[in-house]
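The values are calculated or read from the model by the stated rules, or taken from the named source; none is laboratory data. Everything numeric in this text was worked out from a predicted model, so none of it was measured. Don't worry about glycine lacking a Cβ; one is built from the backbone with ideal geometry, like all the others, and counts go over all protein chains shown. Each accessible area value is taken on the protein alone, full model and side chains, heavy atoms only, with ligands, DNA and RNA left out. Shrake-Rupley method; radii C 1.70, N 1.55, O 1.52, S 1.80 Å.
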Amino acid sequence: MDGLLFNAFIYLCAAVIAVPIARRLGLGSVLGYLIAGIVIGPVIGLVGAETEEIKHFAEFGVVMMLFLVGLELEPKLLWEMRARLLGLGGLQVLITAGLITGIAMLLDVYWSVAIAIGLIFSLSSTAIVLQTLNEKGLTQTSGGRSSFSVLLFQDIAVIPMLALIPLLALPELAGDQAGAMHTSTVTDHGYSLVEGLAGWAYALVVLGAVAIVVLGGHFLSRPLFRFIAASRLREIFTASALLLVIGIALLMTLVDLSPALGTFLAGVVLANSEFRHELESDIEPFKGLLLGLFFITVGAGIDFDILFGDFTTIIGLTFAVMLLKAGVLLFLARVFHLERGADWLFTLSLAQ
């Protein structure tokens, strides 16, 4: 049996059964969703080739989550976080990427590939960390805020990383590794407003897109939402909230920026809006469902043949990376004087 209704039934059924059991056992919803995906995917085989396509759609839950986080942060609070955002986040990415790059080169990995590995493993999962902190009620604690600062910097750092990694694959840099790396820079992202532009023109277009988000959110959102609210139709307000998030995400995609960062910025701009609570209540259910679907597809997409084919090496390298990241995070927590308890929350949250 196949088809949209059957797949929807399987995904929802897996979530409804696995997540409450995982929560009751104290494992959290994220692990529950992952286990549900593993069961319906690799174990039973009820879902298959469509999983990757659904995952790309469900990733929009992360975009919605960053929008909601932004709604909780007034610009004043974001400015107060600047030291941890730039200092803590910047040092975490630089030190972790540097150490992993060095170790990879000691293991005879070519330098350009080692840099790519270091950059990738310096990052953490925004979706997993923020979802877990929200469930545990730890978002507003010192450790939770510090974790969010680093995650936000990582999301910003992804932009130059995505520009750098294709350059590392150029034949003159990749050396003997060129044949093993994808040197093509052609992507399938659809229409782009910045493709082929000179550096100064690219910067102007990006700044223009950010200005549209900031100025539009500040000056246009209030009269627009008042007009919509006057219709007294809740579903139209919900549609407007979704239109806002999707429109900003689309704009950021057209200028090759992170959709999550764009919607986060919009959320910060709207944090003082009189319609903030209505926006939160309308977006929250969609965010929860899409994030859950995303985690299920991650579990369903695990290839256990690869895992068990080289189990010792994979598990060993996984724990080695996590221990290295934990060491860097704990060191930075002490340098930035995070109190006891908050330092361990910060370390354990971001080490994955």
_Output for segment 102-116, where each listed residue is of a type in the set (A, V, I, L, M) and either surrounded by fewer than 17 Cβ atoms within 10 Å (Cβ to Cβ) or more than 22 Å from the chain's Cα centre (by Cα) (or both)_ = Ile103, Ala104, Met105, Leu106, Leu107, Val109, Val113, Ala114
_Of everything in segment 117-153, what is aliphatic (A, V, I, L, M) and open to solvent by 50 Å² or more (accessible area, probe 1.4 Å)? Give them in sequence order._
Ile117, Ile120, Ile128, Leu138
*Residues in segment 262-287 that are open to solvent by 30 Å² or more (accessible area, probe 1.4 Å), out of contact with any Phe, Trp or Tyr (no Cβ under 7 Å at 6 or more places or on another chain) and in a helix (DSSP H, G or I): how many?*
9
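Rundown of residues vs (1) among the hydroxyl-bearing types (Ser, Thr, Tyr); (2) closer than 16 Å to Val158 by Cβ, yes/no style:
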position: Thr101; (1), (2): yes, no
position: Met105; (1), (2): no, no
position: Val113; (1), (2): no, no
position: Ala116; (1), (2): no, yes
position: Leu119; (1), (2): no, yes
position: Asn134; (1), (2): no, no
position: Leu138; (1), (2): no, no
*Could you check Val205 against (1) out of contact with any Asp or Glu (no Cβ under 8 Å at 6 or more places or on another chain); (2) farther than 22 Å from Phe60 by Cα; (3) open to solvent by less than 50 Å² (accessible area, probe 1.4 Å); (4) at pLDDT below 85 and say which number it fails?*
(4)
*Hits in segment 75-101 (condition: open to solvent by 30 Å² or more (accessible area, probe 1.4 Å) and closer than 18 Å to Met161 by Cα)*: Leu86, Leu91, Leu94, Ile95, Gly98, Leu99
*What pairs come up if the first residue lies in segment 20-33 and is part of a loop (DSSP other than H, G, I, E, B), the second is among the charged types (D, E, K, R), and their beta carbons are under 7 Å apart, counting only those six or more places apart or on different chains?*
Gly28/Glu135
*Of all residues in segment 10-40, how many are under 21 Å from the mean Cα position of the chain (by Cα), of a type in the set (Gly, Ala, Ser) and either under 16 Å from Lys136 (Cα atoms) or surrounded by fewer than 17 Cβ atoms within 10 Å (Cβ to Cβ) (or both)?*
3
*Mind counting the residues in segment 226-261 that are touching an Asp or Glu at 6+ places or on another chain (Cβ under 8 Å) and open to solvent by less than 20 Å² (accessible area, probe 1.4 Å)?*
3
_Selection from segment 288-303 of residues that are part of a helix (DSSP H, G or I) and open to solvent by 60 Å² or more (accessible area, probe 1.4 Å)_ = Leu289
*Of (1) part of a helix (DSSP H, G or I); (2) at pLDDT 90 or above; (3) out of contact with any Gly (no Cβ under 9 Å at 6 or more places or on another chain), Leu167 satisfies all except one. Which?*
(2)
*Filter result (open to solvent by 60 Å² or more (accessible area, probe 1.4 Å) and either in a helix (DSSP H, G or I) or in contact with a Pro (Cβ under 8 Å, 6 or more places away or on another chain) (or both)) within segment 319-352*: Phe319, Met322, Leu323, Phe331, Arg334, Val335, Trp344, Leu348
*Pair list, Cβ under 8 Å, 6 or more apart: segment 298-325 residue farther than 23 Å from Ala36 by Cα and of a type in the set (A, V, I, L, M, F, W, C), other residue in a helix (DSSP H, G or I) and open to solvent by less than 60 Å² (accessible area, probe 1.4 Å)*: Val321/Ile100; Leu324/Thr96; Leu324/Ile100
